[in-house]
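The values are calculated or read from the model by the stated rules, or taken from the named source; none is laboratory data. Worth saying up front: this structure is predicted, and the values here are computed from it rather than measured. As a convention, Cβ positions derive from the backbone with ideal geometry for all residues, glycine included, and neighbour counts pool all protein chains shown. Accessible surface areas use protein heavy atoms only, side chains included; no ligands, DNA or RNA. Shrake-Rupley method; radii C 1.70, N 1.55, O 1.52, S 1.80 Å.
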Amino acid sequence: MASAASPATPDGRVNDGGRASKPVVSIQAVTHRYGNVVALDGISLDVPSGIMVGIVGPDGVGKSTLMALVAGSKKMQQGRVTVLEGDIADARHRRAVGPRIAYMPQGLGKNLYLELSVYDNVDFMARLFGLSAEERSVRVKELLQATGLGKFADRPAGKLSGGMKQKVGLCGALVHDPDLLILDEPTTGVDPLSRRQFWSLINDIRVGRPGMSVIISTAYMDEAQQWDWIVAMDAGRVLATGTPAELMKRTGTEDLERCFIALLPEEKRKGHREITIPPRPPGKAELAIEAHGLTQRFGTFTAVDHVTLSIERGEIFGFLGSNGCGKSTTMKMLTGLLPPTEGTAKLFGSSVEAGSVEVRKNLGYMTQAFSLYGELSVHQNLVLHARLYHLPPEQAKARIAELVERFGLGAHLDALAESLPMGLRQRLSLAVAVLHGPQILILDEPTSGVDPVARDSFWELLIDLSRKQGVTIFVTTHFMNEGMRCDRISLMHAGRVLAADTPQKLIDSKQADGLETAFIAYMEDAIANADAAKGAGSTAPASPPAPGTGSPASATTFVAGAGGQEPAPAPLVKDASQPARPERASLRLRVGRMLAYAHNEAMQIRRDSIRLAFAFLGSALLMLIFGFGITTDVENIRYAALDLDQSPESRAYLEQFAAAQRYFAPTPPAFSSDEAFRRLQSDDVSVVLEIPPNFGRDFRRGAAPEVLAQVDGAMTFRGDTVAQYVEGVHGELLRDPATGLRTAEPQRYTAELEERFMYNPTFESIYSIVPSVPALLLLLIPAILMAVSIVREKELGSIINFYVTPTGRLEYLIGKQLPYIAIGMANFFILTALSLIVFGVPIKGSFLTLLLCTLFYVAATTGIGMVTSTFTTSQVAAVFVTAILTIVPTIQFSGLLQPVSTLQGGAGVVGSIWPASYYMHASLGAFTKGLNAGLIMKDVAFLAACVPILLGISVIGLRKQEK
């Protein structure tokens with residue numbers, strides 16, 4: 001796989017050196033900014049085709065931005081990038097070459113769907129690129145076998161280790177035989193064995209596809225040293241290009257890491273020197289951590305299996321192992337953060353109790369990701385954590401001053417933590433971790449993504465803490481040169497410690513040429529022994545070729561994966577003589593991609609119990625709450641009588657209210673005006689009927705006695721209705737001769753007025769509320785689910801699959817929408833069943849027309865969710881915005897509280913264009929009014945017109961590239 005060197009000119013452009021083929025990527029004066037931060041600063045570069053090209057540099061130098069621009073997932077700001085002989089900023093060219101490009105973004109499993117299985121994730125990518133069912137079956141199985149994932153095909157991606165997630169991502173990228181493979185830091189955070197398997201797979205595929213170009217970004221200089229051509233970057237600029245051998249010769253160095261340091265500007269490598277580790281003080285040291293038979297089980301899964309080890313005070317102890325082997329779980333048990341299932345752990349001779357405050361006071365913990373407060377300054381972060389550790393003010397001030405001087409933070413005290421370079425962030429994190437003077441320091445991959453100079457500077461601080469202050473340092477890392485700096489290291493696999501000794505002794509025990517080779521040998525032996533124990537075979541797995549080498553003669557390789565030795569069939573070779581698929585012209589492919597997204601979304605919903613419950617149980621529960629809880633009926637009004645007369649006439653008067661049992665409910669009488677007022681004030685009653693003394697006598701004399709009715713008017717609508725009920729009973733009582741209280745003389749000519757209410761003869765609000773509630777629920781829940789489904793992809797990063805595949809906006813949106821339309825229709829049947837069975841509200845009109853109306857309504861409501869998703873970037877924001885935008889107009893302007901025809905001004909305009917207004921009219925008409933199809937078709941027509949309008953707005957608002 002050797003290739004000729006392509007020396008770089010001073011401006012970073014490649015001199016092709018007579019190479020016949022055109023560059024696969026040509027970058028011309030590209031600049032990209034994030035606010036005031038310059039990520040790429042006028043880069044110009046030609047990338048040769050048909051070879052493995054590495055872009056090396058620490059985090060924050062612009063590697064990921066450059067890769068995203070080349071892949072077409074990020075929008076161009078300034079300059080030009082030509083990919084596969086066309087401008088990648090041109091949407092038509094991106095669509096044309098999309099099937100020829102594969103892009104794997106940075107981040108462990110960032111482009112995966114965590115609820116889906118390994119097989120489903122890869123199969124989904126194959127669907128997007130138009131592979132037939134037969135092609136998918138063969139290709140997906142082949143890739144899973146080649147990566148050692150065959151035995152994990154049904155495991156959800158969210159339950160995989162970091163290395164396994166990267167393998168799944170690679171399978172998805174390679175499923176369509178790309179001509180250009182773009183890998184953005186694919187092995188960051190991945191153990192050496194998984195890295196070796198990863199690059200072996202790439203090499204094997206390139207044997208069958210020798211013309212495939214591969215562009216990789218990485219911070220691991222050792223793996224980049226095996227590639228054909230290197231681009232060294234720093235601060236958004238190209239430092240140098242060429243073959244690794246050429247660059248090392250130019251700088252007079254022996255490896256690529258030292259070469260990169262030599263290429264850095266003078267001010268960045270000023271004061272850098274090689275790390276020297278002084279020996280530990282002689283004599284037997286006190287044990288800091290002891291573990292005996294430490295075991296942790298999660299259900300039936302054993303994460304840590306009888307681990308026994310000891311760590312001395314002041315020792316730098318490295319914890320190395322394969323991804324998902326139980327390192328983090330072991331660290332949590334050793335430090336008291338997690339109680340073990342079995343075994344014991346001691347800290348300085350005292351038993352570790354999970355959650356003990358005393359244990360935590362002796363610990364300093366530094367996470368892999370920057371976990372301090374970015375909006376606070378360096379000094380504010382230090383002061384905050386001093387207070388959290390309850391350091392006295394004077395002690396805290398002295399300690400902060402000491403750490404600022406020792407860690408070189410003095411010039412940055414007022415700078416915001418988020419604005420610091422990666423190296424200074426790590427120094428600040430370490431200063432915070434040791435602020436309270438812990439005896440044990442736990443570091444979880446502390447230098448991941450840090451440039452070599454900053455990494456060496458960081459290790460100088462660790463060595464100082466260990467040798468001069470006796471701090472025990474417990475560190476995990478995937479950098480083998482950092483493992484060599486530890487006093488001792490342990491190698492862990494599948495929950496067990498395979499070996500624990502000094503790095504050199506571990507190397508000697510395997511007669512290896514370095515720690516990485518020894519690490520891989522231990523892992524392979526462990527895998528072979530496990531397979532032998534299971535009866536899978538006693539033959540040790542063949543070692544894959546080293547990175548950067550190929551084996552053209554072999555048609556089948558064996559990759560040592562988590563599942564042991566698995567034969568990998570030769571990669572499918574794309575016949576170059578076959579014409580490319582007519583991507584744009586094929587309606588079948590477009591429909592296939594749309595259905596792929598629909599199938600993908602449906603599987604995610606089915607495997608996400610929370611979303612599934614919200615989608616179906618949520619609407620049913622809210623229907624019951626609203627149906628029983630919302631009512632305009634004023635019945636069973638509690639009243640108290642204060643009869644200060646106690647005459648036959650007063651009792652006859654009060655009996656008339658007791659006889660109106662539907663509307664009035666008597667309570668124990670009151671015996672004083674103060675008592676009656678207190679009961680009215682405490683909401684015990686809504687009405688107090690006070691009959692004054694001499695009521696009966698005045699009536700018999702023909703005088704006009706008065707009755708005081710005190711009505712609770714706190715709720716105006718209810719108070720007014722209650723007052724009318726009281727007046728009605730009072731008037732009927734005076735007109736009815738049977739009461740004996742009749743005062744009006746009969747008139748000679750009278751007319752009887754009989755009231756009849758159309759559609760709702762009993763005048764019960766349930767026949768109005770229950771048909772109206774589905775209009776609210778079929779808007780609220782589908783719209784929220786739809787908005788969250790798209791915003792969730794933005795938040796988790798899986799939307800990158802939409803950016804870099806040939807999927808069009810319409811295909812993506814309709815594909816995502818279809819499952820939620822189906823959920824909406826299912827909810828309609830659930831709500832209809834509740835209306836009929838629980839509430840007893842029948843459908844009197846055309847059910848089929850209502851069903852058609854519901855279909856268009858749900859399509860429109862999910863369209864509202866799509867529109868919301870175009871301007872929201874977090875799931876929390878999507879839920880709140882969608883809820884507000886759907887609930888408020890529906891309650892206020894759609895006819896739920898008052899007819900739309902009575903609304904005026906802006907309210908009337910909103911009511912006339914809001915979809916819920918039309919569906920509420922159709923639903924109420926079908927249930928209560930008995931409207932036929934012809935009278936509902938106006939509502940159907942309006943809702944049908946809403947669907948393409950909302951879809952069009954969503955298509956315009958959805959970006960096909962990141963900014």
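Values for this structure:
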{"quantity": "Sites Ala532 and Arg155 - FRET efficiency at Förster radius 30 Å, r taken between beta-carbons, to 0.05", "calculated": "0.80"}
{"quantity": "For the chain, size of Cβ-based charge dipole, Lys and Arg +1, Asp and Glu -1, in debye", "calculated": "1920"}
{"quantity": "Per-selection Kirkwood Rh - the range 164-226 (Cα, Å, 1 d.p.)", "calculated": "12.1"}
{"quantity": "Accessible surface of Met492 - all protein chains present, 1.4 Å probe, nearest 10 Å²", "calculated": "0"}
{"quantity": "Proximal charge balance of Arg488 [Cβ under 10 Å; K/R count +1, D/E count -1]", "calculated": "-3"}
{"quantity": "Percentage relative contact order, the range 370-438, counting C-alpha pairs under 8 Å, at least six apart", "calculated": "53"}
{"quantity": "Calculated FRET value between His379 and Ile275, using beta carbons and R₀ = 30 Å, to 0.05", "calculated": "0.55"}
{"quantity": "Karplus 3J(HN,Hα) series, Hz, for the range 824-837 with 6.51 cos²θ - 1.76 cosθ + 1.60 (x for Gly, Pro)", "calculated": "x, 5, 4, 5, 4, 5, 5, 5, 5, 4, 5, 4, 6, 8"}
{"quantity": "Of all DSSP beta bridges in the chain, antiparallel share, percent nearest 5", "calculated": "55"}
{"quantity": "Among Val804, Ala640, Phe519 the positive-end extreme of the charge dipole of the chain (Cβ point charges)", "calculated": "Val804"}
{"quantity": "Spin-label pair Asp464/Arg678, simplified geometry with 7 Å Cα→Cβ offset, distance in nm", "calculated": "7.6"}
{"quantity": "Leading residue at positive end of dipole, the range 25-270 (Cβ point charges), from Leu239, Ser217, Val140", "calculated": "Val140"}
{"quantity": "Cα-centre dipole for the range 370-438 with unit charges at Cβ (Lys and Arg positive, Asp and Glu negative), debye to 20", "calculated": "160"}
{"quantity": "The range 370-438: equivalent-ellipsoid semi-axes (sqrt of 5 x gyration tensor eigenvalues, Cα, Å)", "calculated": "18, 12, 11"}
{"quantity": "Charged-residue dipole, Cβ positions (Lys, Arg, Asp, Glu), the range 25-270 about Cα centre, Debye nearest 20", "calculated": "420"}
{"quantity": "Heavy-atom accessible area ranking, 1.4 Å probe, most first, across Leu850, Leu680", "calculated": "Leu680, Leu850"}
{"quantity": "Phi to ³J(HN,Hα) by Karplus 6.51 cos²θ - 1.76 cosθ + 1.60 over the range 495-504, Hz, x for Gly, Pro", "calculated": "x, 10, 7, 7, 6, 8, 6, 5, x, 5"}
{"quantity": "Signed unit charges on C-beta, dipole axis of the range 370-438, positive-most listed residue Ser371, Ala417, Leu430", "calculated": "Leu430"}
{"quantity": "5 angstrom amide H check on Tyr103, placed H, neighbours 5+ away", "calculated": "Ile182"}
{"quantity": "Two-site label geometry, His292 and Val591: point separation in nm, points 7 Å out along Cα→Cβ", "calculated": "7.1"}
{"quantity": "Whole-Hz ³J(HN,Hα) from phi, Karplus 6.51 cos²θ - 1.76 cosθ + 1.60, for the range 684-689, glycine and proline x", "calculated": "5, 9, 9, 9, 10, 9"}
{"quantity": "Gained length - Leu388 relative to Val37, 0.36 nm times residue gap less alpha-carbon distance", "calculated": "123.1 nm"}
{"quantity": "Area of Met937 that stays accessible when all protein chains are in place (1.4 Å probe, Å², to 10)", "calculated": "80"}
{"quantity": "Ranked order, Phe677, Phe129, Phe628 - accessible area, probe 1.4 Å, largest first", "calculated": "Phe628, Phe677, Phe129"}
{"quantity": "Translational D in µm²/s for the range 108-241 (Stokes-Einstein at 4 °C, 1.567 mPa s, Kirkwood Rh from C-alpha pairs)", "calculated": "83"}
{"quantity": "Zero-based 20 Å bins, Cα pair distances in the chain, whole percents", "calculated": "11, 32, 29, 16, 9, 3, 0"}
{"quantity": "Proportion of all alpha-carbon pairs of the range 25-270 beyond 22 Å (%)", "calculated": "54"}
{"quantity": "Residue-span extension gain [Ala660 to Asn932] - 0.36 nm each, minus C-alpha spacing", "calculated": "94.1 nm"}
{"quantity": "Percent of alpha-carbon pairs separated by more than 24 Å within the range 637-741", "calculated": "19"}
{"quantity": "Amide H contacts of Ile51 (H built 1.01 Å from N, under 5 Å, at least 5 apart or other chain)", "calculated": "Val214"}
{"quantity": "The chain, relative contact order in percent, only Cα pairs under 8 angstrom and at least six apart counted", "calculated": "11"}
{"quantity": "Using alpha carbons only: equivalent-ellipsoid semi-axes of the range 891-957, gyration tensor based, whole Å", "calculated": "22, 18, 9"}
{"quantity": "Segment Met715-Lys361, extension gain: residue separation times 0.36 nm, minus the distance between their alpha carbons", "calculated": "121.7 nm"}
{"quantity": "For Ile637, residues with placed amide H under 5 Å, excluding near neighbours", "calculated": "Phe664, Ala665"}
{"quantity": "FRET efficiency, Ile610 to Gln646 (Cβ-Cβ, R0 56 Å, nearest 0.05)", "calculated": "0.30"}
{"quantity": "Antiparallel bridges, percent of DSSP beta bridges restricted to the range 25-270 (to nearest 5)", "calculated": "50"}
